[in-house]
Amino acid sequence: MEGNSRDAVPEGAGPDHVARIQAEWARERPDVDVSPQAVIGRLHRLGRLLTDRLDAVYAAHGLSEGEFDVLAALRRAGEPFERAPGELAAHTMVTTGAMTKRIDRLQRAGLVDRRRSAADGRGRVVTLTPAGRALIDRAFTDHMRNERRLLDALDPAEAAELERLLMVWLGRVEPPTGAESGGRGRSLPPGSGWAS
């Protein structure tokens with residue numbers, strides 16, 4: 001643990017916030033192994049910082065993170081840029097109730113429309129309007145530039161190693177797609193739509 005903390009701190013800098021918390025817990029509860037905080041605590045702090053910086057780009061385009069996720073899921077679908085509401089909920093991993101609210105807001109803004117499905121006359125689909133497509137194309141371009149800026153804090157070898165480790169760890173922790181809630185969408189904490 002001690003070695004990891006030193007390696008993570010730039011030369012000449014003091015211990016970071018997480019290292020200070022670990023030291024306090026180690027003093028107060030020497031019977032508890034606090035070494036997981038070295039990774040989990042820093043990921044948690046980094047997640048909050050990344051969320052703030054990602055949200056700033058969404059907001060610059062008049063969108064919340066959830067609204068960006070919906071528009072991105074429709075855009076990724078390809079022509080004619082539509083998905084059923086349940087499919088959208090699954091792609092953005094939120095409940096169908098939360099999805100309905102997002103779609104309502106986007107429809108009022110003229111960014112999406114609802115219409116009957118051509119494949120199933122009883123079903124409905126959500127489709128991007130031309131204004132919605134233009135907005136998500138601009139927002140996504142800025143989003144990727146922003147993510148590039150954030151990732152450039154690491155050199156390419158560090159970024160590649162981090163990607164590999166996160167892929168392995170996520171694969172061991174995250175249930176396979178559809179394994180939770182009987183395949184229904186589930187709510188995730190803020191910042192979970194990073195892969196939009």
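Annotations for the structure displayed:
- Selection within the range 94-112 - touching an Asp or Glu at 6+ places or on another chain (Cβ under 9 Å) and either open to solvent by 60 Å² or more (accessible area, probe 1.4 Å) or farther than 24 Å from residue 60 by Cα (or both): 105, 107, 109
- Qualifying residue in the range 68-77 (condition: open to solvent by 50 Å² or more (accessible area, probe 1.4 Å), without any contact (Cβ under 8 Å) to a residue 60 or more places away in the chain and not in a helix (DSSP H, G or I)): no
- Meets criteria (farther than 13 Å from residue 126 by Cα, at pLDDT 95 or above and in a helix (DSSP H, G or I)) for residue 98: no
- Residue list for the range 30-67, filter: among the β-branched types (Val, Ile, Thr) and either buried (at least 16 other Cβ atoms within 10 Å of the Cβ) or on the phi > 0 side of the Ramachandran plot (or both): 34, 51, 57
The values are calculated or read from the model by the stated rules, or taken from the named source; none is laboratory data. Keep in mind the model is a prediction, meaning the values are calculated, not measured. When we count neighbours, we look across all protein chains shown, and the Cβ atoms used for this are built from the backbone with ideal geometry, even at glycine. Ligands, DNA and RNA are stripped out before the accessible areas are found, and what is left, the full protein with its side chains, is counted by its heavy atoms. Shrake-Rupley method; radii C 1.70, N 1.55, O 1.52, S 1.80 Å.
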